[in-house]
Amino acid sequence: MNVDPGRPSSEPRFLKSVAALFSGTVLAQAIPFVLAPAIARLYDAEQFATFGTLMAVFNILNVVAAGRYDQAIVLPKEKAQASALAKGAILLVAGSTVLAAAILAGFSKQLEQVATLPDLHRLAAPLVALTFLGGVQLVLLQWLLRNRAFPVIARQKVLQSVAVTGFTLLLGWLAWRNGLVTGYVLGWLMYTAATLWIVVRSYPLGKVWDPAAIKAALRTYKDWPLHNAWPALLNAVASGMAVIYMVAYFDVQVVGEHNFARQYLLVPISMVSVALGQVLFERTASRVRERLPIHADLKKTTWALTGLAVLIALVVTLFGEPLFATILGEQWRYAGHIAGILIWGYSAQLVGSPLGTQLIAMGKVKAAMLFPVFYALLLAFLPLFKHVAATHFMALLSATEVLAYGGYAALVWFHVMKYERWMAATR
């Protein structure tokens, strides 16, 4: 039997893992932030409106490209089964890419008619490419995570940042049409190709693609697409609805300002959330398998994230407008004003999102479904306010995120305390 070696879960190992991922994440975010003043002066609001729309739709496609089987790769005890699961997930990504191409080809023109963005259909080809690249990358990263290759994951995040930022600057300097979109796709191409090379050389999945083994692994973890894919999709749709609502209800200039603020606030916050969520997921899953307490780790994490979130929100609210105007250019002063409104919802995500992954690690898949449903229900009321001023609508978006992610964190802690009581009763 091919079984993974033991997985020690000592505090030093956990902290080292967090440090490795966070060092890469921080550096990856520092690169575009340092170069943001140049990027902001190369592109206008309309281009950011287009790019933000691409990102919103890509995040929806990306979350289900592998059927959520990628999230289960860390769970099998046997390495052979985990490898078969990863291979099956990659095959599903290929199928999802074909399906996405068919849907986008059939409906992109119709969507363009109800949106404020011109040439929206031009995003179809980049979205198809990103569906494949992003889906494969998700699978490979989970495979690396299973192998505890935290430094490798960190380095790959830096490579992605360098590639995307470099291509974005080059194409902006060349005045390339939709340089933000093209630069992003080229960056992802380099990122995924480099990760694949590392996996093949150092953490191979195995040369043999046994159809029977792949089917068996997919069947074993069939609950992931059956019970986890649709809430994950609903969550991604809810997260992208802010951009979709803005595109539907407001003019291109306002959409571009909104997307610009979102780009330089939500993207780095999301990357930090994902990095911490990945480590916490692996840590909690290991401790649950070993029937060890999880309360202490999550308590420290919750307090640290809450303090950081409040600090970030206060700084952006008080100084966002002059900071945006001074650093990014006077043309983005209004985006700084918008940032002060949006940051409270994004800060709530910084706390709630990493904690939410612990529900899956504890095996509470059905409980995890409640969050996207609750979030989507809250967002469903926002079209009632589509005629209000843009800033008022964005304030409603921010308040919705605070309520949704606050409720998410509370749900996680309810199940954490329930788990701890069960642990105490069975000792």
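The values are calculated or read from the model by the stated rules, or taken from the named source; none is laboratory data. Small disclaimer: the values here were computed from a predicted structure and weren't measured. Neighbour counts run over all protein chains shown; Cβ positions are idealised from the backbone, glycine included.
Listed by first and then second residue, the pairs linking a residue in segment 189-217 that is in contact (Cβ under 8 Å) with a residue 60 or more places away in the chain to a residue that is surrounded by 14 or more Cβ atoms within 10 Å (Cβ to Cβ) and among the hydroxyl-bearing types (Ser, Thr, Tyr), with Cβ atoms under 8 Å apart and 6 or more places separating them unless they lie on different chains, are Leu205/Ser83; Gly206/Ser83.
Looking only at segment 68-83, filter to residues that are part of a helix (DSSP H, G or I) and hydrophobic (A, V, I, L, M, F, W, C); which one of those is surrounded by the most Cβ atoms within 10 Å (Cβ to Cβ)? Among residues in segment 68-83 that are part of a helix (DSSP H, G or I) and hydrophobic (A, V, I, L, M, F, W, C), the one surrounded by the most Cβ atoms within 10 Å (Cβ to Cβ) is Ala72. Residues that are surrounded by 12 or more Cβ atoms within 10 Å (Cβ to Cβ) and under 23 Å from the mean Cα position of the chain (by Cα) within segment 300-320 comprise Thr301, Thr302, Ala304, Leu305, Thr306, Leu308, Ala309, Val310, Ile312, Ala313, Val316, listed in sequence order. Within segment 342-377, the set of residues being more than 20 Å from Trp230 (Cα to Cα) and of a type in the set (Val, Ile, Thr) comprises Ile343, Val351. Residues in segment 341-353 that are without any contact (Cβ under 8 Å) to a residue 60 or more places away in the chain and either surrounded by fewer than 20 Cβ atoms within 10 Å (Cβ to Cβ) or of a type in the set (Phe, Trp, Tyr) (or both): 1 in all.
What do you reckon, is Leu85 within 30 Å of Glu46 (Cβ to Cβ), modelled with pLDDT of 90 or more and in the same structural domain as Thr192 (by TED's automatic domain parsing)? So Leu85 does not fit the description; no.
Yes/no per residue for (1) within 30 Å of Ala72 (Cβ to Cβ); (2) in the same structural domain as Phe371 (by TED's automatic domain parsing); (3) not hydroxyl-bearing (Ser, Thr, Tyr):
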| residue | (1), (2), (3) |
| --- | --- |
| Ala296 | yes, yes, yes |
| Thr302 | yes, yes, no |
| Leu305 | yes, yes, yes |
| Trp332 | no, yes, yes |
| Trp344 | no, yes, yes |
| Gln349 | yes, yes, yes |
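Can you name every residue in segment 151-171 that is crowded, with 20+ Cβ neighbours inside 10 Å and over 21 Å from the mean Cα position of the chain (by Cα)? Of everything in segment 151-171, those that are crowded, with 20+ Cβ neighbours inside 10 Å and over 21 Å from the mean Cα position of the chain (by Cα) turn out to be Phe167, Leu171.
Quickly run through segment 403-415 and pick out the residues that are under 17 Å from Tyr245 (Cβ atoms) and surrounded by fewer than 18 Cβ atoms within 10 Å (Cβ to Cβ).
Keep residues of segment 403-415 that are under 17 Å from Tyr245 (Cβ atoms), which gives 403-404.
Once the filter is applied, which keeps residues that are under 17 Å from Tyr245 (Cβ atoms) and surrounded by fewer than 18 Cβ atoms within 10 Å (Cβ to Cβ), segment 403-415 yields only Leu403.
Scanning segment 253-270 turns up no residue that is touching a Lys or Arg at 6+ places or on another chain (Cβ under 7 Å), in contact (Cβ under 8 Å) with a residue 12 or more places away in the chain, crowded, with 20+ Cβ neighbours inside 10 Å and not assigned by TED's automatic domain parsing to the domain that holds Tyr43. Quick check on segment 172-180. Is at least one of its residues part of a helix (DSSP H, G or I) and either within 30 Å of Phe374 (Cβ to Cβ) or hydroxyl-bearing (Ser, Thr, Tyr) (or both)? Checked segment 172-180: no residue is part of a helix (DSSP H, G or I) and either within 30 Å of Phe374 (Cβ to Cβ) or hydroxyl-bearing (Ser, Thr, Tyr) (or both).
Checked against the criterion of being out of contact with any Asp or Glu (no Cβ under 6 Å at 6 or more places or on another chain) and modelled with pLDDT of 80 or more, the candidates Val255, Val272, Val279 yield just one match: Val255.
Evaluation of Ala229 against the conditions (1) touching a residue at least 12 places away in the same chain (Cβ under 8 Å); (2) over 30 Å from Arg333 (Cα atoms); (3) assigned to a helix (DSSP H, G or I); (4) more than 15 Å from the chain's Cα centre (by Cα) shows that the sole unmet condition is (4). Every test in (1) surrounded by fewer than 17 Cβ atoms within 10 Å (Cβ to Cβ); (2) touching a residue at least 60 places away in the same chain (Cβ under 8 Å); (3) in the same structural domain as Tyr346 (by TED's automatic domain parsing) is passed by Gly277 save one, and that test is (1). If you check Val162, Val152 for being in a helix (DSSP H, G or I) and at pLDDT 90 or above, only one passes: Val162.
Total residues in segment 274-307 satisfying the condition of being outside any helix (DSSP H, G or I) and hydrophobic (A, V, I, L, M, F, W, C): the figure is 2.
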